[in-house]
Amino acid sequence: MAANARYIELAKQLHPRLQRFFAKYPPTQILPSSTRTNTIKDGATPNPFLPHKHPVTGKWQNPEFSLRRQAELVKLAREQGVEELLPFTSKGTEERIRTRVEEGLRVRGTGVGRSVKGHLHERMLTTKMEKRRTAMLGMPRLIREWRKVGKSRWSKYPR
C-alpha cells in the first residue's frame, strides 16, 4: 500500500499533459494482464498513436494524437524519464534509432551503390581524368613519333 502511494506521488510530479495522457491511457505495465489487449472488442482502448479499425463499421479510425502531438508527448516523457511507459509510436527514441540504423540518413548517394547526381562536369570528371591519364601515359611514344616524322608530315593529332 505504501508503494502505491509513492507511485501516486511520483505521478503527481509529472507534467500536466503527461498526467492527463496517463489518466486516459494508463500504461500497460501497471494494468492487470486481462486488459492489456489492443482491440476495442475486448473493452480496452487501442493504441492512441496508431490508426485502428472500428469494430462495428470496419472503417479505419485516425489516431487520436497527430504526429506533432506524439512527438511533443515523447519529448515530455523523455525529459521526465517515463518514455518507456508510453505506448508504441514512430516518434519514440528507440524507433527513431532503429529506423536510422536500417535506412541511414536518407540522403541521396549515401546508400550502397548510389551516387549523388551532381552537375554534368562533376559526373564526367572521372572519365575525363581517365582519358587524360591514358593520354599522358602514351605521350612518350607520341613524342618519339613526332621527332621521327616532323611537323610538316604529321597527320594524326591525338583526339
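The values are calculated or read from the model by the stated rules, or taken from the named source; none is laboratory data. Computed from a predicted structure; not experimentally measured. No Cβ is skipped: glycine too gets one built from the backbone with ideal geometry, and neighbour counts run over all protein chains shown. To get the accessible areas, we keep the full protein, side chains included, count just its heavy atoms, and leave off ligands, DNA and RNA. Shrake-Rupley method; radii C 1.70, N 1.55, O 1.52, S 1.80 Å.
The figures follow:
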read-out: About the Cα centre, charge dipole magnitude for the chain (Lys/Arg +1, Asp/Glu -1 at Cβ), debye; value: 2160 debye
read-out: Under 30 Å from K117, Cα to Cα: lysines that are on another chain or at least 8 residues apart; value: K128, K131
read-out: Ratio Rg/Rh, restricted to segment 50-129 and using Cα atoms, in which Rh is the Kirkwood radius; value: 1.26
read-out: Separation in nanometres of the label points that stand 7 Å from Cα toward Cβ, at A2 and R68; value: 4.7 nm
read-out: Where the chain is the region considered: accessible area per residue in Å², 1.4 Å probe; value: 84 Å²
read-out: All aspartates and glutamates inside 16 Å of K75 as judged from Cα atoms, apart from same-chain residues fewer than 8 positions distant; value: E83, E84, E94, E95
read-out: Amide hydrogen neighbours beyond the local backbone of K53, cut-off 5 Å, H modeled; value: Q61
read-out: Positive-end extreme of charge dipole, the chain - chosen from G118, H15, P140 (charges on Cβ); value: P140
read-out: Rg and Dmax [Cα atoms of the chain; Å; Rg one decimal, Dmax integer]; value: 33.2, 109
read-out: Value at 222 nm in deg cm²/dmol, rounded to 500, when DSSP H runs of n ≥ 4 in the chain each add -39,500 (n - 2.57); value: -13500 deg cm²/dmol
